[in-house]
1. List the relative contact order of the range 327-401 as a percent without decimals, with contacts defined as Cα pairs under 8 Å and 6+ residues apart.
2. Counting other beta carbons within 10 Å of each Cβ, put 451, 8, 438 in order, fewest first.
3. Over the C-alpha atoms of the range 80-162, what are the Rg and the largest Cα-to-Cα span, Dmax, in Å?
4. How high is the relative contact order of the range 80-162, given as a whole-number percent (alpha carbon pairs under 8 Å, six or more residues apart)?
5. Using only alpha carbons, build the gyration tensor for the range 396-459 and give me the equivalent ellipsoid semi-axes, biggest first, whole Å.
6. Given a Förster distance of 22 Å, report the FRET efficiency between residue 233 and residue 254 from their Cβ-Cβ distance, rounded to the nearest 0.05.
7. How large is Rg over Rh for the range 28-68, taking Rg from the Cα atoms and Rh as the Kirkwood inverse mean of 1/r across Cα pairs?
8. Counting pairs of Cα atoms in the range 315-458, how many percent are more than 25 Å apart?
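Derivation of every value follows stated rules applied to the coordinates shown; laboratory data play no part. Since this is a predicted model, take the numbers as computed values, not measurements. Cβ coordinates were reconstructed from backbone atoms using ideal geometry, including for glycine residues, and neighbour counts include every protein chain displayed.
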C-alpha cells in the first residue's frame, strides 16, 4: 500500500476549526484501516489453510513412524525371542538351529540363550557362538541340558550366563542358616516326628477299633499261637490252624525262579518236556491207559526183542488163525517146494485188513508180526512170513523138527513196512512127508482145533 502522508499534512493558514478539514483526512484513514481489516481476514484464512495443509502433511509423515515406534516398543520382548523347527538332539556341545524367516532380521543376538522344546519340556542353556542373520543360522555351545530325545519345536530366549560351578557346590556358600529359612532344629524335628507318630498311632488305633471283633478271620488269626516253622492256613470259614513248614517247603519257597524250584523238587530236564509223539516229547498214555499209536519212524533201530517187549503191552491190531472142528487134523504137509499154510478165521481186525484164500490183505504202513504153526512127523521144518504180491520174504521162523509122536511148533517174528496194500501169508517147507491129513497139525479132539496163528501190530 502507497504512503499518503502528504494528504494529511497541515497547510499554513488552514482553518483548523473547519470540520470538513478533518473529516476528509479521517475518512481516508478509515478507508485504509478497513482495507487492512479485509486483508487480515484473507490472511487469517490463508494461515488456517496453511496450518491445515501443514498438519495433514505432518500427520501423514509422522503417524506411521510413531505407530511403528509404538509397535516396536509394545513388542520389544519379541526382539529377544525366536522360534526354530530345526530337529536338534538334547545334549551338551555344539548345536545349530535355524530361526524362522520372519524373525531373523529383528532378533537381538545376546551372549547366552535358552532353547526350550514346547512339546516335551526339554531345555538347553547355551553360549552363542555365531549368528548369520540372512540365513537365520544360530550356532551355540550347549552348557547344560535337561531332557532327552530329538525335537523340532524350539523357542529361543535370551539367558544369563549359567553359574555351573556355583550350582554344583554343596558347602553353603551363602551361609544360609536354619533360622533364615524357618527350618527345624534337631530337637524340634525330633519332637515333630514324635508328635506325628503319636497322632498316627492314635489314628490307626481308632481305625482298627472293633475290627477284630467284627471279623471272624481276624479273630481266628489273633487266636493262633505262633510256633517255629508254622504256616497259618484256613480250615474253614473263620477257622485257622498252623501247618508245619518243612525244610523242603522252605527251600522251595526260597527259590527265586522256576529253575531253582525244579532243582529243589529234584526234577530233571524231563519236567520241561511236553507230552505227545513229536520230537522231544514224552510219550503219554491215553484215557484207556495205552500208549498212543506211533509211526514206525519213531521206533527205528530197535531190535526185534525190543519191539516184541514194547508191543506186548498192547493188543495186536489183527489176529488170524487156522481153526478146525474138534477131531479134524490140520492137513497134509508135502516135501519139496514151500507150502501155503491155511488161515481161515479172523479173531481181531482193527486196521481194515481183509482175509481171503488164506492170504491177508494189509494196507500201507509199518508193522510187527508174530506167527506160530504146528507140524507133526515132518522131520525138519521152517516157516516164513511172505509178501505174496511182490514175492518177498518178510521174516522167517526158527528151525523146527518133528518125528514120530512128537508134534512141534514153528515160530517167527518180523518187522516190515508196506508202501501200498499187499497180500501177506505164512509158508512152510518140510524135509519129510507125513501121514495124510496131519502133517500140518495133529487133532487133540478137545474142542475147536488151532493149528496156526498170525498176529500183527501196526507201528
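1. Relative contact order for the range 327-401 comes out at 17 percent.
2. 8, 438, 451
3. Rg, Dmax (Cα atoms, Å): 11.2, 31.
4. On the way: 218 pairs, mean separation 35.6, N = 83.
RCO, the range 80-162: 43 percent.
5. 28, 15, 11
6. Efficiency, from the Cβ-Cβ distance: 0.70.
7. On the way: Rg = 17.6 Å, Rh = 12.4 Å.
Using Cα coordinates only, the ratio equals 1.42.
8. Numbers: 2453 of 10296 pairs.
Of all Cα-Cα distances in the range 315-458, 24 percent exceed 25 Å.
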